[in-house]
Amino acid sequence: NIFMIEKKKTELYQELGLQARDLRFQHVMSIATRNNRIIMRMEFLKAVITPEFLLILDYRNLSLEHWLLHELASQLAGEGQLVTYSLPFEFRAIEAILQYWISKLQGRLNTLQPQILETLEALVDPKLLSVDRSKLHILLQNGKSLSELETDLKVFKETILEILDEEEVIEELCLSKWTDPQVFEESTSGIDHAEEMELLLENYYRQAEDLANEARELRVLIDDSESIIFINLDSHRNVMMRLNLQLTMGTFSVSLFGLIGVAFGMNLESSLEEDPRIFWLVTGIMFLGSGLIWRRLLSFLGRHLDPPLPPHVPAVVKKSQPATGRVEIKSSLKGETFGLSRSTLTNQ
(Lines give C-alpha, C1' and ligand atoms only; values in the text may rest on other atoms or scores of the structure.)
Protein backbone atom coordinates (compact mmCIF):
# COMPACT_ATOMS: atom_id res chain seq x y z
CA ASN A 1 0.00 0.00 0.00
CA ILE A 2 1.51 3.31 -1.15
CA PHE A 3 0.04 6.56 0.16
CA MET A 4 1.13 10.13 0.93
CA ILE A 5 1.02 11.82 4.32
CA GLU A 6 1.92 15.33 5.49
CA LYS A 7 3.32 15.88 8.95
CA LYS A 8 5.43 18.41 10.74
CA LYS A 9 9.06 17.47 11.17
CA THR A 10 8.81 17.58 14.97
CA GLU A 11 5.88 15.16 14.98
CA LEU A 12 7.61 12.89 12.50
CA TYR A 13 10.92 12.41 14.30
CA GLN A 14 9.13 12.00 17.64
CA GLU A 15 6.93 9.31 16.13
CA LEU A 16 9.92 7.53 14.59
CA GLY A 17 12.07 7.89 17.70
CA LEU A 18 14.79 9.81 15.82
CA GLN A 19 16.61 13.09 16.28
CA ALA A 20 15.95 16.21 14.23
CA ARG A 21 19.37 15.94 12.59
CA ASP A 22 18.47 12.49 11.28
CA LEU A 23 15.72 13.95 9.11
CA ARG A 24 17.72 16.95 7.94
CA PHE A 25 18.22 17.03 4.17
CA GLN A 26 21.85 16.88 3.17
CA HIS A 27 23.34 16.39 -0.29
CA VAL A 28 25.40 13.41 0.87
CA MET A 29 25.29 9.64 0.56
CA SER A 30 25.14 7.44 3.65
CA ILE A 31 23.45 4.40 5.17
CA ALA A 32 23.11 4.41 8.96
CA THR A 33 21.00 2.81 11.69
CA ARG A 34 19.45 4.38 14.78
CA ASN A 35 16.85 2.98 17.19
CA ASN A 36 16.00 0.04 14.94
CA ARG A 37 15.57 2.40 11.97
CA ILE A 38 17.63 2.52 8.78
CA ILE A 39 18.31 6.04 7.45
CA MET A 40 19.40 6.08 3.79
CA ARG A 41 20.63 9.25 2.10
CA MET A 42 21.18 8.99 -1.66
CA GLU A 43 21.87 12.67 -2.34
CA PHE A 44 18.40 14.02 -3.20
CA LEU A 45 16.65 10.79 -2.17
CA LYS A 46 16.16 10.27 1.56
CA ALA A 47 14.35 7.35 3.14
CA VAL A 48 13.66 5.87 6.55
CA ILE A 49 13.21 2.08 6.71
CA THR A 50 11.54 0.19 9.54
CA PRO A 51 10.55 -3.49 9.72
CA GLU A 52 6.98 -2.47 8.79
CA PHE A 53 7.20 0.40 6.27
CA LEU A 54 9.40 2.49 3.99
CA LEU A 55 9.16 6.26 4.32
CA ILE A 56 10.33 8.40 1.37
CA LEU A 57 10.72 12.01 2.52
CA ASP A 58 9.36 14.82 0.34
CA TYR A 59 9.32 13.14 -3.03
CA ARG A 60 6.82 15.49 -4.72
CA ASN A 61 9.46 17.68 -6.35
CA LEU A 62 11.81 14.85 -7.34
CA SER A 63 9.78 13.22 -10.19
CA LEU A 64 9.60 9.91 -8.36
CA GLU A 65 5.90 9.23 -8.97
CA HIS A 66 6.49 6.66 -11.69
CA TRP A 67 9.00 4.74 -9.59
CA LEU A 68 6.88 4.87 -6.45
CA LEU A 69 3.61 3.86 -8.10
CA HIS A 70 4.76 1.35 -10.73
CA GLU A 71 8.06 -0.20 -9.65
CA LEU A 72 8.44 0.16 -5.91
CA ALA A 73 5.23 -1.69 -4.99
CA SER A 74 6.21 -4.89 -6.81
CA GLN A 75 9.75 -4.78 -5.39
CA LEU A 76 8.51 -4.38 -1.83
CA ALA A 77 6.03 -7.21 -2.34
CA GLY A 78 8.90 -9.53 -3.22
CA GLU A 79 7.70 -10.37 -6.71
CA GLY A 80 10.11 -11.98 -9.15
CA GLN A 81 12.74 -12.92 -6.55
CA LEU A 82 15.01 -15.79 -7.52
CA VAL A 83 15.09 -17.30 -4.03
CA THR A 84 13.21 -20.12 -2.36
CA TYR A 85 12.30 -18.03 0.70
CA SER A 86 11.06 -14.48 1.13
CA LEU A 87 13.46 -11.90 2.52
CA PRO A 88 12.44 -9.54 5.33
CA PHE A 89 10.89 -6.20 4.45
CA GLU A 90 14.00 -4.10 5.11
CA PHE A 91 16.00 -6.22 2.62
CA ARG A 92 13.50 -5.53 -0.12
CA ALA A 93 13.37 -1.81 0.76
CA ILE A 94 17.17 -1.41 0.72
CA GLU A 95 17.43 -3.33 -2.54
CA ALA A 96 14.68 -1.21 -4.14
CA ILE A 97 16.47 2.04 -3.26
CA LEU A 98 19.89 0.76 -4.36
CA GLN A 99 18.40 -0.56 -7.59
CA TYR A 100 16.77 2.80 -8.26
CA TRP A 101 20.05 4.66 -7.68
CA ILE A 102 22.06 2.26 -9.86
CA SER A 103 19.44 2.67 -12.60
CA LYS A 104 19.82 6.45 -12.39
CA LEU A 105 23.60 6.19 -12.72
CA GLN A 106 23.28 3.70 -15.58
CA GLY A 107 20.86 6.04 -17.36
CA ARG A 108 23.30 8.94 -17.06
CA LEU A 109 26.08 6.81 -18.50
CA ASN A 110 23.88 5.57 -21.35
CA THR A 111 23.05 9.18 -22.20
CA LEU A 112 26.66 10.37 -22.15
CA GLN A 113 28.30 7.46 -23.97
CA PRO A 114 26.77 7.91 -27.48
CA GLN A 115 27.21 11.68 -27.31
CA ILE A 116 30.88 11.39 -26.39
CA LEU A 117 31.58 8.74 -29.04
CA GLU A 118 29.82 10.77 -31.75
CA THR A 119 31.71 13.93 -30.81
CA LEU A 120 35.08 12.18 -30.72
CA GLU A 121 34.44 10.53 -34.07
CA ALA A 122 33.74 13.94 -35.60
CA LEU A 123 36.81 15.53 -34.01
CA VAL A 124 39.37 12.91 -35.03
CA ASP A 125 38.10 12.64 -38.61
CA PRO A 126 41.23 12.82 -40.84
CA LYS A 127 39.25 14.52 -43.63
CA LEU A 128 38.75 17.62 -41.50
CA LEU A 129 41.65 20.07 -41.60
CA SER A 130 40.35 22.22 -38.74
CA VAL A 131 38.68 21.45 -35.43
CA ASP A 132 35.04 22.41 -34.99
CA ARG A 133 34.81 24.64 -31.93
CA SER A 134 31.18 23.69 -31.32
CA LYS A 135 32.22 20.04 -31.06
CA LEU A 136 34.93 20.98 -28.59
CA HIS A 137 32.36 22.85 -26.50
CA ILE A 138 30.07 19.80 -26.51
CA LEU A 139 33.01 17.57 -25.56
CA LEU A 140 33.89 19.89 -22.68
CA GLN A 141 30.34 19.75 -21.32
CA ASN A 142 30.21 15.97 -21.67
CA GLY A 143 33.59 15.69 -19.98
CA LYS A 144 32.30 17.66 -16.99
CA SER A 145 29.19 15.47 -16.81
CA LEU A 146 31.38 12.37 -16.98
CA SER A 147 33.53 13.70 -14.12
CA GLU A 148 30.41 14.26 -12.00
CA LEU A 149 29.24 10.72 -12.79
CA GLU A 150 32.64 9.29 -11.80
CA THR A 151 32.47 11.22 -8.52
CA ASP A 152 28.98 9.92 -7.75
CA LEU A 153 30.04 6.35 -8.53
CA LYS A 154 33.09 6.71 -6.30
CA VAL A 155 31.02 8.04 -3.39
CA PHE A 156 28.45 5.27 -3.86
CA LYS A 157 31.14 2.57 -3.78
CA GLU A 158 32.84 4.10 -0.74
CA THR A 159 29.51 4.25 1.11
CA ILE A 160 28.81 0.56 0.52
CA LEU A 161 32.41 -0.41 1.19
CA GLU A 162 32.33 1.26 4.60
CA ILE A 163 29.39 -0.95 5.56
CA LEU A 164 30.99 -4.11 4.18
CA ASP A 165 34.04 -3.49 6.35
CA GLU A 166 31.94 -3.34 9.54
CA GLU A 167 30.25 -6.62 10.52
CA GLU A 168 28.39 -4.94 13.38
CA VAL A 169 26.75 -2.45 11.00
CA ILE A 170 25.64 -5.31 8.73
CA GLU A 171 24.05 -7.01 11.72
CA GLU A 172 22.27 -3.78 12.66
CA LEU A 173 20.80 -3.51 9.15
CA CYS A 174 18.93 -6.78 9.74
CA LEU A 175 16.06 -5.16 11.67
CA SER A 176 13.58 -8.04 11.57
CA LYS A 177 16.13 -10.43 13.03
CA TRP A 178 15.69 -8.80 16.45
CA THR A 179 11.99 -7.86 16.28
CA ASP A 180 10.26 -10.68 14.38
CA PRO A 181 10.35 -14.07 16.14
CA GLN A 182 9.82 -15.93 12.86
CA VAL A 183 12.82 -14.25 11.25
CA PHE A 184 14.88 -14.91 14.37
CA GLU A 185 13.90 -18.56 14.18
CA GLU A 186 14.96 -18.67 10.54
CA SER A 187 18.33 -17.18 11.46
CA THR A 188 18.86 -19.87 14.08
CA SER A 189 17.80 -22.64 11.67
CA GLY A 190 20.54 -21.93 9.17
CA ILE A 191 19.57 -18.79 7.21
CA ASP A 192 22.21 -16.18 7.92
CA HIS A 193 20.53 -12.83 7.28
CA ALA A 194 23.76 -10.91 7.86
CA GLU A 195 25.38 -12.90 5.06
CA GLU A 196 22.36 -12.20 2.84
CA MET A 197 22.71 -8.48 3.56
CA GLU A 198 26.42 -8.63 2.77
CA LEU A 199 25.75 -10.40 -0.53
CA LEU A 200 23.10 -7.83 -1.40
CA LEU A 201 25.49 -4.92 -0.81
CA GLU A 202 28.32 -6.67 -2.65
CA ASN A 203 26.07 -7.18 -5.65
CA TYR A 204 25.39 -3.46 -6.02
CA TYR A 205 29.01 -2.66 -5.26
CA ARG A 206 30.03 -4.81 -8.24
CA GLN A 207 27.43 -3.13 -10.43
CA ALA A 208 28.81 0.28 -9.45
CA GLU A 209 32.33 -1.00 -10.14
CA ASP A 210 31.29 -2.09 -13.64
CA LEU A 211 29.78 1.33 -14.31
CA ALA A 212 32.95 2.98 -13.02
CA ASN A 213 35.05 0.86 -15.40
CA GLU A 214 32.89 1.90 -18.35
CA ALA A 215 33.18 5.56 -17.32
CA ARG A 216 36.94 5.12 -16.95
CA GLU A 217 37.17 3.68 -20.47
CA LEU A 218 35.32 6.72 -21.80
CA ARG A 219 37.74 8.98 -19.92
CA VAL A 220 40.74 7.18 -21.44
CA LEU A 221 39.14 7.45 -24.88
CA ILE A 222 38.68 11.19 -24.41
CA ASP A 223 42.30 11.61 -23.31
CA ASP A 224 43.58 9.60 -26.30
CA SER A 225 41.41 11.58 -28.70
CA GLU A 226 42.68 14.84 -27.21
CA SER A 227 46.24 13.65 -27.83
CA ILE A 228 45.37 12.88 -31.46
CA ILE A 229 43.75 16.31 -31.86
CA PHE A 230 46.83 18.03 -30.41
CA ILE A 231 49.10 16.04 -32.74
CA ASN A 232 47.02 17.06 -35.76
CA LEU A 233 47.06 20.70 -34.68
CA ASP A 234 50.83 20.57 -34.18
CA SER A 235 51.22 19.01 -37.62
CA HIS A 236 49.17 21.79 -39.27
CA ARG A 237 51.11 24.38 -37.29
CA ASN A 238 54.40 22.90 -38.48
CA VAL A 239 53.20 22.99 -42.11
CA MET A 240 52.29 26.66 -41.78
CA MET A 241 55.62 27.49 -40.13
CA ARG A 242 57.51 25.65 -42.88
CA LEU A 243 55.56 27.47 -45.58
CA ASN A 244 56.27 30.79 -43.87
CA LEU A 245 59.96 29.91 -43.69
CA GLN A 246 60.06 29.00 -47.38
CA LEU A 247 58.39 32.29 -48.35
CA THR A 248 60.83 34.17 -46.14
CA MET A 249 63.78 32.47 -47.86
CA GLY A 250 62.28 33.30 -51.27
CA THR A 251 61.90 36.94 -50.27
CA PHE A 252 65.50 36.98 -49.07
CA SER A 253 66.74 35.52 -52.35
CA VAL A 254 64.86 38.04 -54.47
CA SER A 255 65.95 40.92 -52.24
CA LEU A 256 69.59 39.85 -52.42
CA PHE A 257 69.76 40.02 -56.19
CA GLY A 258 67.44 42.99 -56.23
CA LEU A 259 70.44 45.04 -55.17
CA ILE A 260 71.57 44.93 -58.80
CA GLY A 261 68.39 46.69 -59.86
CA VAL A 262 68.89 49.20 -57.07
CA ALA A 263 72.40 49.93 -58.31
CA PHE A 264 71.15 50.55 -61.87
CA GLY A 265 68.30 52.66 -60.57
CA MET A 266 70.61 55.27 -59.07
CA ASN A 267 71.02 58.58 -60.89
CA LEU A 268 74.53 57.70 -62.03
CA GLU A 269 75.61 57.50 -65.63
CA SER A 270 77.60 54.59 -67.04
CA SER A 271 78.14 53.09 -70.46
CA LEU A 272 75.99 50.02 -69.67
CA GLU A 273 72.62 51.78 -69.94
CA GLU A 274 73.32 52.61 -73.57
CA ASP A 275 73.39 48.94 -74.58
CA PRO A 276 69.77 47.72 -75.34
CA ARG A 277 70.62 44.12 -74.32
CA ILE A 278 71.90 44.92 -70.87
CA PHE A 279 68.36 45.15 -69.37
CA TRP A 280 67.46 41.59 -70.28
CA LEU A 281 70.88 40.35 -69.24
CA VAL A 282 70.68 41.93 -65.79
CA THR A 283 67.06 40.78 -65.34
CA GLY A 284 67.97 37.21 -66.25
CA ILE A 285 70.91 37.21 -63.87
CA MET A 286 68.65 38.49 -61.07
CA PHE A 287 65.96 35.81 -61.55
CA LEU A 288 68.47 33.02 -62.14
CA GLY A 289 70.55 33.97 -59.11
CA SER A 290 67.47 34.30 -56.92
CA GLY A 291 66.23 30.87 -58.02
CA LEU A 292 69.59 29.22 -57.33
CA ILE A 293 69.89 30.81 -53.90
CA TRP A 294 66.32 29.79 -53.02
CA ARG A 295 66.99 26.23 -54.22
CA ARG A 296 70.11 25.97 -52.05
CA LEU A 297 68.22 27.30 -49.02
CA LEU A 298 65.41 24.79 -49.55
CA SER A 299 67.87 21.91 -49.73
CA PHE A 300 69.54 23.16 -46.56
CA LEU A 301 66.13 23.33 -44.89
CA GLY A 302 65.27 19.81 -46.01
CA ARG A 303 68.52 18.35 -44.66
CA HIS A 304 68.03 19.87 -41.22
CA LEU A 305 64.27 19.49 -40.76
CA ASP A 306 63.54 16.10 -42.29
CA PRO A 307 64.01 13.15 -39.91
CA PRO A 308 67.26 11.28 -40.47
CA LEU A 309 67.22 7.77 -41.88
CA PRO A 310 67.82 4.94 -39.43
CA PRO A 311 71.39 3.65 -39.43
CA HIS A 312 72.07 0.65 -41.58
CA VAL A 313 72.76 -2.48 -39.58
CA PRO A 314 75.00 -4.88 -41.54
CA ALA A 315 73.95 -8.48 -41.63
CA VAL A 316 76.04 -10.94 -39.68
CA VAL A 317 77.63 -13.45 -42.01
CA LYS A 318 78.22 -16.84 -40.47
CA LYS A 319 80.99 -18.91 -41.94
CA SER A 320 80.47 -22.61 -42.06
CA GLN A 321 83.04 -24.73 -40.27
CA PRO A 322 84.19 -28.10 -41.53
CA ALA A 323 82.43 -31.05 -40.00
CA THR A 324 85.61 -32.77 -38.91
CA GLY A 325 87.33 -29.68 -37.56
CA ARG A 326 87.09 -27.84 -34.33
CA VAL A 327 88.18 -24.34 -33.51
CA GLU A 328 89.52 -23.43 -30.10
CA ILE A 329 90.11 -19.84 -29.04
CA LYS A 330 92.32 -19.20 -26.08
CA SER A 331 92.66 -15.72 -24.70
CA SER A 332 94.75 -14.41 -21.88
CA LEU A 333 94.61 -11.00 -20.28
CA LYS A 334 97.69 -9.44 -18.83
CA GLY A 335 97.82 -6.34 -16.72
CA GLU A 336 100.04 -4.44 -19.11
CA THR A 337 100.29 -0.68 -19.33
CA PHE A 338 97.78 -0.34 -22.17
CA GLY A 339 95.58 -3.24 -21.07
CA LEU A 340 96.17 -5.27 -24.30
CA SER A 341 94.97 -8.86 -24.63
CA ARG A 342 96.65 -11.68 -26.55
CA SER A 343 94.69 -14.41 -28.26
CA THR A 344 95.88 -17.68 -29.71
CA LEU A 345 93.96 -19.51 -32.42
CA THR A 346 94.55 -23.25 -32.67
CA ASN A 347 92.93 -25.24 -35.45
CA GLN A 348 92.76 -28.98 -35.09
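The values are calculated or read from the model by the stated rules, or taken from the named source; none is laboratory data. Computed from a prediction, not measured in an experiment: that's the story for all the values here. Positions of Cβ are generated from backbone atoms using ideal geometry, with glycine treated the same way; all protein chains shown enter the neighbour counts. Accessible surface areas use protein heavy atoms only, side chains included; no ligands, DNA or RNA. Shrake-Rupley method; radii C 1.70, N 1.55, O 1.52, S 1.80 Å.
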| Per-pair calculated FRET efficiency, R0 = 56 Å: residue 214 and residue 288 via Cβ, rounded to 0.05 | 0.25
| field | Accessible carbon and sulfur surface of segment 216-292 relative to its total accessible area, %, 1.4 Å | value | 69
| query | When the label point is put 7 Å from the Cα of residue 122 along its Cα-to-beta-carbon vector, which residues of segment 219-261 have a backbone N closer than 13 Å? | reply | none
| FRET E, pair residue 68, residue 239, Förster distance 56 Å, beta-carbon r, rounded to 0.05 | 0.40
| task | Please identify every one of the GluC sites (Glu not before Pro) in segment 193-302 that sits in a loop by DSSP and has no more than 16 other beta carbons within 10 Å of its own beta carbon. | result | 269
| query | Quick one: net charge of residue 155's neighbours, Cβ under 13 Å, K/R +1, D/E -1? | reply | -3
| note | Excluding residues fewer than 8 positions from residue 135 in its own chain, the aspartates and glutamates with Cα under 18 Å of it are 118, 121, 125, 223, 224, 226
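Scan segment 220-299 for trypsin sites (Lys or Arg not before Pro) in coil per DSSP, keeping those whose Cβ has at most 14 other Cβ atoms within 10 Å, and list them by number. Don't skip to the answer; put the middle values down first.
On the way: sites: 237, 242, 277, 295, 296; in loops: 277.
In loop regions of segment 220-299 (DSSP not H, G, I, E or B), the sparsely surrounded trypsin sites (Lys or Arg not before Pro) are 277.
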| Sparse-neighbour loop sites [trypsin sites (Lys or Arg not before Pro); segment 1-69; at most 14 other C-beta within 10 Å; DSSP] | 7, 8, 24, 60
| said: At R0 = 35 Å, how high is the FRET efficiency between residue 4 and residue 132 if r is their beta carbon distance? Nearest 0.05 is fine. | reply: 0.10
| said: Strictly over 22 Å apart at the Cα level, which of 8/177; 7/157; 7/46; 9/46 would you flag in this model? | reply: 8/177; 7/157
